[in-house]
1. Of all residues in the stretch 241-251, count the ones that are modelled with pLDDT under 65 and either in contact with a Ser or Thr (Cβ under 6 Å, 6 or more places away or on another chain) or surrounded by 15 or more Cβ atoms within 10 Å (Cβ to Cβ) (or both).
2. For a quick check of your reading of the model, give me the residue pairs whose first member lies in the stretch 71-96 and is under 17 Å from residue 42 (Cβ atoms), whose second is among the polar types (S, T, N, Q) and modelled with pLDDT of 95 or more, with beta-carbon atoms closer than 7 Å and at least 6 apart or on different chains.
3. Modelled with pLDDT of 70 or more, under 22 Å from residue 101 (Cβ atoms), aliphatic (A, V, I, L, M) and outside any helix (DSSP H, G or I) - does that describe any residue in the stretch 161-170?
4. Those residues that are crowded, with 18+ Cβ neighbours inside 10 Å and of a type in the set (Asp, Glu), I need them from the stretch 70-96; list them, please.
5. Among the numbered criteria (1) outside any loop (DSSP other than H, G, I, E, B); (2) in contact with a helix residue (DSSP H, G or I) (Cβ under 8 Å, 6 or more places away or on another chain), which single criterion is violated by residue 58?
6. Given the conditions (1) modelled with pLDDT of 95 or more; (2) touching a Phe, Trp or Tyr at 6+ places or on another chain (Cβ under 8 Å); (3) surrounded by fewer than 22 Cβ atoms within 10 Å (Cβ to Cβ), report the number of the one that residue 147 does not fulfil.
7. Restricting to the stretch 74-111, name every residue that is assigned to a helix (DSSP H, G or I), touching a helix residue (DSSP H, G or I) at 6+ places or on another chain (Cβ under 7 Å) and among the β-branched types (Val, Ile, Thr).
8. Filtering the stretch 36-69 down to residues that are surrounded by 14 or more Cβ atoms within 10 Å (Cβ to Cβ) and among the charged types (D, E, K, R), which residue is farthest from residue 142 (Cα to Cα)?
Amino acid sequence: MGSEDGTPPSAGVAHVVQRMQRRLDALPTELARRRVFLGTYLRTTQAVGAAIDRAGFEDPGWVDAWDVAFAELYLTALDNDLAGEPVSRPWRLAFDAPAELPPLRHVLLGINAHVNYDLPQALLAVISDDDFGDSTLMDRRRRDHELIDGVLASRVGAEDDQLTASGAKNLLDRVLTPLNRLASQRFLRESRQKVWHNTAELQRARAAGPQAYAVRLAELELLTAAKIVDLLQPGQVLLRLAVAGFGVTLPPPASPLSAH
């Protein structure tokens, strides 16, 4: 249900989709490899918007704001990189990945940087410290967070078919398609569970002050970058992820005594 003036619940997401499309259209030929992740992300964002409009979440307005905050982190990284400005280590590795890597690998690199590093930050942008103290509200936020899994899982087959139709998958990839799809759904679910944990860890650091937050965010940046380095290794990456996992987990914060 939209607002009284007829604005759909996913108005923010719809605007983000337009911005993504403009960037997709403007990507220079020498950066064609980035079209794969950006196109995948655009279609996924459209699917989230459709789920918001059909009341697929408990708090559609919050999910719209969250998805906009999430997308903004990617768009900012992309714009900064195109302008020659610094970006985080995970995005640096993803953006600089060899052009000759299979398209699926470029998608996974982008997903890793965006989900493992950006997503906890996006959640914190739309969940205040006071909100974290409201268990009923946080249960609702967590359920909406989990409902995103269903939207993403529904896209796995379609995005896999898109790669196959484009000729971007070799024979072995096609033979392994059923296993790859199961692996994709598993790592999406697993990484989101870890994202929720990491968000709580970052929130505790945020409540302790800017310096504590900066330290924990730097830890998350390093963990995500290390996972991307692993994804850059040769081999059937989805099968490897099915065994080793996709997400990263912030350890408990170091105690003051451990620094001495």
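1. The qualifying residues number 1.
2. Hits for this filter: 73/121; 77/88.
3. Within the stretch 161-170, not a single residue is modelled with pLDDT of 70 or more, under 22 Å from residue 101 (Cβ atoms), aliphatic (A, V, I, L, M) and outside any helix (DSSP H, G or I).
4. Once the filter is applied, which keeps residues that are crowded, with 18+ Cβ neighbours inside 10 Å and of a type in the set (Asp, Glu), the stretch 70-96 yields only 81.
5. Only one criterion is unmet by residue 58, namely (1).
6. It fails just one condition, (1).
7. 107
8. Taking the candidates together, the pick is 43.
The values are calculated or read from the model by the stated rules, or taken from the named source; none is laboratory data. What you are looking at is a predicted structure, and each value in this text was computed from that prediction instead of being measured. In this analysis, Cβ positions are derived from the backbone assuming ideal geometry, glycine residues included, and neighbour counts consider all displayed protein chains.
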